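This report refers to the structure that appears directly beneath it.
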Amino acid sequence: MADEAQVIYEYTVGNTISFKGSLKIKYDRIGMTITTRPDGKVYVDDPGKPQRTFFCTSIITGAVLATLNTVQMAAITYDASYPNLTTINLATGTTALTDIEVVLDNGWTAADLGSGMWSVDLVFVERVV
């Protein structure tokens, strides 16, 4: 069985929400084009703007969902350093990504599992400056 990933989302200084569950990361190079010319040679134009998208699924309590709802639907503000993913533990031990400035995508979902627990699907998109 695969290890669970842990994603720690900091929406303001010192205020975090932790998600444990599955994690998928998509890597993109924004603006990169690959062109095959008539002479058969391949040319790559890459402005060098990498961007990651993090797809996270987790089970959280109703209280955590209420906080997430309040923060994302009413009170979120974006500035030079927040919100961010302070830590993404990729496996047991010390394997981690840290301090990634993100935007929580519009389309996050929550499904009621009963007994006060919720399954959430979140998409965090890395901000590219």
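Each value in this text was obtained by applying a stated rule to the coordinates, not by laboratory testing. On a predicted model such as this, the values are computed, not experimentally measured, just so you know. FYI the Cβ positions are ideal-geometry reconstructions off the backbone, even for glycines, and counts take in every protein chain you see.
Along the positive direction of the dipole of the chain (beta-carbon charges: Lys, Arg +1; Asp, Glu -1; about the Cα centre), which of 97, 30, 17 reaches farthest?
In the chain, that residue is 30.
Would you mind getting me the FRET efficiency between residue 59 and residue 80? Use the beta-carbon distance for r and R0 = 22 Å, nearest 0.05.
0.10
Would you mind working out the magnitude of the charge dipole of the chain relative to its Cα centre, with +1 at each Lys and Arg C-beta and -1 at each Asp and Glu C-beta, to the nearest 20 Debye?
Computed charge dipole of the chain: roughly 260 debye.
Of all alpha-carbon pairs in segment 1-63, indicate the percentage at a distance above 15 angstrom.
Pairs farther apart than 15 Å: 69 percent.
Between segment 1-36 and segment 61-79, how far is it from one alpha carbon centroid to the other, in angstrom?
18 Å
So what is the 222 nm mean residue ellipticity for the chain from helices alone, if each DSSP H run of at least 4 adds -39500 (n - 2.57) and you divide by all residues, rounding to the nearest 500 deg cm²/dmol?
-2000 deg cm²/dmol
Using 0.36 nm per residue, how much length does the chain from residue 16 to residue 32 gain when fully extended, once their Cα-Cα distance is taken away?
Length difference between fully extended and current span is 2.4 nm.
Need one word for segment 66-129: rounded, prolate or oblate. Basis is the Cα gyration tensor (sqrt eigenvalues a ≥ b ≥ c); a/c below 1.5 gives rounded, then a/b vs b/c decides.
Oblate shape, in that a/c is at least 1.5 and b/c is the bigger or equal ratio.
Each residue of segment 14-21 in turn: what ³J(HN,Hα) in whole Hz from Karplus with 6.51, -1.76, 1.60 and θ = phi - 60°, glycine and Pro shown as x?
x, 9, 10, 10, 9, 10, 10, x
How large is the convex hull of the C-alpha atoms of segment 35-75 per residue, in Å³? Intermediate values should be presented prior to the final figure.
Working: hull volume 5.7 nm³, N = 41.
Taking only Cα atoms, segment 35-75 has a hull volume of 139 Å³ per residue.
Based on the alpha carbon coordinates of the chain, what radius of gyration and maximum Cα-Cα distance (Dmax) apply, in Å?
17.6, 64
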